[in-house]
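Structure first, then comments.
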Amino acid sequence: MKTTLLSACFAVALVAPALAQEAKQDFSLSNSTGYELKEVYVSPATAADWQNDVLGSGTLADGATVDIKFNRATKTCKWDLKVVYTVDSSSAVWQNIDLCVVEKITIKYNKSTDTTSASFD
């Protein structure tokens with residue numbers, strides 16, 4: 001009985017860290033645009049259309065950050081990102097982002113040039 005209990009504990013110890021691992025594509029998206037974002041889409045670079053809005057019914061306020069999580073079984077590394085502003089429904093798109101190496105994306109807006117940019121860390 002003692003051997004069985006120790007074996008069971010050892011098996012749980014080996015499995016628990018594997019279950020706690022995050023997908024390598026998980027990343028944080030920070031909104032530093034000065035405006036609220038009403039939609040965020042993340043789709044495989046090879047997809048013909050955008051997937052569901054990852055914010056659901058929520059929004060991403062200026063200065064806020066959202067953690068975007070993937071299923072651990074996801075293998076694709078190259079993803080496209082689209083953000084849509086609440087104020088005027090304009091959008092910005094970035095393609096072929098390697099989410100296997102990017103952990104944080106910060107979105108910024110330059111009012112004088114009317115451009116949205118992103119930094120990838």
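Here are the numbers for the structure shown:
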{"read-out": "The stretch 95-121, residues that are of a type outside the set (Asp, Glu), surrounded by fewer than 17 Cβ atoms within 10 Å (Cβ to Cβ), over 13 Å from residue 33 (Cβ atoms) and in contact with a Lys or Arg (Cβ under 8 Å, 6 or more places away or on another chain)", "value": "96, 100, 120"}
{"read-out": "The stretch 57-93, residues that are closer than 19 Å to residue 25 by Cβ and in a loop (DSSP other than H, G, I, E, B)", "value": "69, 70, 71, 72, 73, 74, 75, 76, 77"}
{"read-out": "Residue under evaluation residue 52, criteria (1) of a type in the set (S, T, N, Q); (2) farther than 16 Å from residue 99 by Cβ; (3) over 15 Å from the mean Cα position of the chain (by Cα), criterion not met", "value": "(3)"}
{"read-out": "Per-region count, the stretch 61-80, residues closer than 15 Å to residue 109 by Cβ and either of a type in the set (S, T, N, Q) or touching a Ser or Thr at 6+ places or on another chain (Cβ under 9 Å) (or both)", "value": "3"}
{"read-out": "Test: residue in the stretch 41-48 that is touching a residue at least 40 places away in the same chain (Cβ under 8 Å), crowded, with 17+ Cβ neighbours inside 10 Å and not β-branched (Val, Ile, Thr)", "value": "yes"}
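Read-outs: derived from the displayed coordinates by stated rules, not from any lab. The shown structure was predicted, so the numbers you read here are calculated from the model rather than taken from an experiment. Neighbour counts are summed over all protein chains in view; Cβ atoms, including those assigned to glycine, are modelled from backbone coordinates with ideal geometry.
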